[in-house]
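Asks: So that we are looking at the same thing, I have put the structure below in structure tokens.
Every number here is computed from the coordinates shown, using simple stated rules; none is lab data. Bear in mind the structure is a predicted one, so any value in this text is a computation, not a measurement. All Cβ positions, glycine included, derive from the backbone under ideal geometry; neighbour counts span all protein chains shown.
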Amino acid sequence: ILNVEQSPQSLHVQEGDSTNFTCSFPSSNFYALHWYRWETAKSPEALFVMTLNGDEKKKGRISATLNTKEGYSYLYIKGSQPEDSATYLCAFTAGNMLTFGGGTRLMVKP
Amino acid sequence: DAGVIQSPRHEVTEMGQEVTLRCKPISGHDYLFWYRQTMMRGLELLIYFNNNVPIDDSGMPEDRFSAKMPNASFSTLKIQPSEPRDSAVYFCASSLVVDHEQFFGPGTRLTVL
């Protein structure tokens, strides 16, 4: 069983705040790190897939970084909006194993 | 493409009954994944297929669960007999390769009474 941990579990911010959260994963046998955005009552939606140490990806106000040597990825949201409220999941693939973290539940107050 | 299609969207059944969930992946995707989402355990990978062949079924909880992929455009997840603790949302997802982004279906909400 691969241990993928996300922190914090939940986060409340005000509209306009910038925020970030962490995904920690085993640093051995790394293949890829995925980030998904999951709104309540909908399906998870892919944000990023990162494979190389030092990767940085950006989509609008959301960006992510990857450090495979130390086993962590950060997801950043700049200027949070109420529509950013969702659970953000990371998933780690190593060999044939795919494991999701528990998610960070973000709530953005207007 | 219509995306990943799952049916039914909702299923309510009684304990002991057989339940079959269905999934049609995105055309051309070689990987198909079945997940279960519960409040207690979050999103769990149950099994995944590559080119219709099961690769890793270590997440399947018990022998009551079975999954098949008879062809590239169809997969089933069967629970027989069903139990109340099987109540969950079951998602199917597909991807081009295992370490590419996955596209999720809308899920099947299963309630076993």
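Asks: Which pairs do you get when a residue that is closer than 24 Å to residue A:107 by Cα, found in the range A:29-57, comes within reach of a residue that is of a type in the set (S, T, N, Q), reach meaning Cβ atoms under 7 angstrom, with the pair 6+ apart or on two chains?
Replies: Qualifying pairs under 7 Å: A:33/A:73; A:38/A:87; A:46/B:102; A:57/A:63.
Asks: Kindly indicate which of A:3, A:20 is away from every other protein chain (no Cβ under 11 Å) and in a strand (DSSP E or B).
Replies: A:20
Asks: Would you mention how many residues in the range B:82-113 are β-branched (Val, Ile, Thr), surrounded by 19 or more Cβ atoms within 10 Å (Cβ to Cβ) and part of a loop (DSSP other than H, G, I, E, B)?
Replies: Residues meeting the conditions: 1.
Asks: From the list A:21, A:48, A:92, which one is within 11 Å of the chain's Cα centre (by Cα), farther than 26 Å from residue B:4 by Cβ and hydrophobic (A, V, I, L, M, F, W, C)?
Replies: Result: A:21 is the single residue among A:21, A:48, A:92 that is within 11 Å of the chain's Cα centre (by Cα), farther than 26 Å from residue B:4 by Cβ and hydrophobic (A, V, I, L, M, F, W, C).
Asks: I need a count of the residues in the range B:38-72 that are aliphatic (A, V, I, L, M), more than 14 Å from every other protein chain (Cβ to nearest Cβ) and more than 21 Å from residue B:16 (Cβ to Cβ).
Replies: Count: 2.
Asks: A follow-up question, please. Looking at this structure, is residue A:92 under 29 Å from residue B:47 (Cα atoms) and in contact with a Pro (Cβ under 8 Å, 6 or more places away or on another chain)?
Replies: yes
Asks: Another one. Identify, from the list A:62, A:77, the residue that is hydrophobic (A, V, I, L, M, F, W, C), in contact with a Ser or Thr (Cβ under 6 Å, 6 or more places away or on another chain) and more than 27 Å from residue B:109 (Cβ to Cβ).
Replies: It is A:77.
Asks: Check every one of the strands (runs of 3 or more DSSP E) wholly within the range B:38-81 and list those with 2 or more residues that are touching a Ser or Thr at 6+ places or on another chain (Cβ under 8 Å).
Replies: Qualifying strands (runs of 3 or more DSSP E): B:42-50, B:65-71, B:74-79.
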